[in-house]
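The values are calculated or read from the model by the stated rules, or taken from the named source; none is laboratory data. For clarity, every value in this text was computed on a predicted model and none was experimentally measured. Glycine gets a Cβ as well: all are built from the backbone with ideal geometry, and neighbour counts include every protein chain shown.
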């Protein structure tokens, strides 16, 4: 396995992991969620590359080391970032999106024929007002921050359930702000159009998510005719919580069954 960072044609930060042997499998393109960056996928990328899958992770504009004005960005801009990155890859990728990135992937699927898609604790296809309600019940001032245009503080308790306190705080400290416009759009967006080419879709979720209530995620899985696998006890950041290997193993098994075998 080899690792690197390269710049997509748009100068976005893109992390890269390559398997020891390239046997022509479609690459995986990971898309982070609200306030995160490409860094959050490093564990999954290492393991997927070791399993034979070329892996890339993009930092959306204004996130990580990517240039651009994040504060005024809109969801369509993030979708543009993903499409441009996908077009720079050697083969059409499997898109993997977490949280907000899961909604961005839904938007991308309506305009780009991806090989397949994996939605990880995604913002639902329909408006995410229940998320605002869930936040308000736990931290009313955090919900107020969203309403007045400030970034949601990504507290460890929102993201993790089983990770030790020091590691959870370390990950949370790497998170940053988010576009006020995008935060409003998450609450008020319309469902994305139907995917081009009817790609297979997998949804990975947890019924104990403190940011995205499971009911909306299940409805989104039904909308896409997706395979849905839930991981009770885990937090919103499945790729960083203590049992991160479990959803990843499910993803790799699904890729072998639904992508390589098709």
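Let's see how each residue does on (1) over 15 Å from residue 211 (Cα atoms); (2) in contact (Cβ under 8 Å) with a residue 12 or more places away in the chain; (3) outside any loop (DSSP other than H, G, I, E, B):
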{"position": "84", "(1), (2), (3)": "yes, yes, yes"}
{"position": "101", "(1), (2), (3)": "no, yes, yes"}
{"position": "111", "(1), (2), (3)": "yes, yes, no"}
{"position": "114", "(1), (2), (3)": "yes, yes, no"}
{"position": "124", "(1), (2), (3)": "no, yes, no"}
{"position": "146", "(1), (2), (3)": "no, yes, yes"}
{"position": "151", "(1), (2), (3)": "no, yes, no"}
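Filter segment 217-246 for residues that are part of a helix (DSSP H, G or I), over 22 Å from residue 169 (Cβ atoms) and either in contact (Cβ under 8 Å) with a residue 12 or more places away in the chain or touching a strand residue (DSSP E or B) at 6+ places or on another chain (Cβ under 6 Å) (or both) and give the result. So that I can check it myself, show each step before the final result.
Going residue by residue through segment 217-246, those that are part of a helix (DSSP H, G or I) are 217-223, 245-246.
Remaining after also requiring over 22 Å from residue 169 (Cβ atoms): 217-223, 246.
Across segment 217-246, the qualifying residues are 217, 218, 219, 220, 221, 223, 246.
In the list 213, 200, 195, which residue meets the criterion of being in contact (Cβ under 8 Å) with a residue 12 or more places away in the chain, in contact with a strand residue (DSSP E or B) (Cβ under 6 Å, 6 or more places away or on another chain) and either closer than 26 Å to residue 253 by Cα or surrounded by fewer than 21 Cβ atoms within 10 Å (Cβ to Cβ) (or both)?
Details: 213 fails: in contact with a strand residue (DSSP E or B) (Cβ under 6 Å, 6 or more places away or on another chain); 195 fails: in contact with a strand residue (DSSP E or B) (Cβ under 6 Å, 6 or more places away or on another chain).
On inspection, the qualifying residue turns out to be 200.
Across segment 165-181, what is the number of residues that are in contact with a helix residue (DSSP H, G or I) (Cβ under 6 Å, 6 or more places away or on another chain) and either under 20 Å from residue 147 (Cα atoms) or surrounded by fewer than 21 Cβ atoms within 10 Å (Cβ to Cβ) (or both)? Walk me through it before giving the result.
Start the filter on segment 165-181 by keeping residues that are in contact with a helix residue (DSSP H, G or I) (Cβ under 6 Å, 6 or more places away or on another chain), which leaves 168-169, 172.
Subsequent filtering for residues that are either under 20 Å from residue 147 (Cα atoms) or surrounded by fewer than 21 Cβ atoms within 10 Å (Cβ to Cβ) (or both) retains 169, 172.
So the count comes out to 2.
Which residues, counting only those in segment 29-57, are in a loop (DSSP other than H, G, I, E, B) and out of contact with any helix residue (DSSP H, G or I) (no Cβ under 6 Å at 6 or more places or on another chain)?
35, 36, 37, 52, 53, 54
Anything in segment 130-144 that is over 15 Å from residue 212 (Cβ atoms) and either modelled with pLDDT under 95 or in contact with a helix residue (DSSP H, G or I) (Cβ under 9 Å, 6 or more places away or on another chain) (or both)? List them, or say none. Reasoning before the result, please.
Our first condition is that a residue be over 15 Å from residue 212 (Cβ atoms); within segment 130-144, this holds for 139-141, 144.
139, 144 - these are the residues of segment 130-144 that are over 15 Å from residue 212 (Cβ atoms) and either modelled with pLDDT under 95 or in contact with a helix residue (DSSP H, G or I) (Cβ under 9 Å, 6 or more places away or on another chain) (or both).
Going through segment 58-80 one residue at a time, which ones are touching a strand residue (DSSP E or B) at 6+ places or on another chain (Cβ under 8 Å) and either closer than 20 Å to residue 199 by Cα or surrounded by fewer than 17 Cβ atoms within 10 Å (Cβ to Cβ) (or both)?
Scanning segment 58-80 gives a single hit, 65.
When only residues in segment 168-183 that are in a helix (DSSP H, G or I) and touching a residue at least 24 places away in the same chain (Cβ under 8 Å) count, which is nearest to residue 235 (Cα to Cα)? Give the derivation first.
We begin by selecting, within segment 168-183, every residue in a helix (DSSP H, G or I); these are 168-174, 180-183.
Adding the requirement that they be touching a residue at least 24 places away in the same chain (Cβ under 8 Å) leaves 171, 174, 180-183.
Numbers: 171: 13, 174: 17, 180: 24, 181: 26, 182: 22, 183: 20 Å.
Here the residue is 171.
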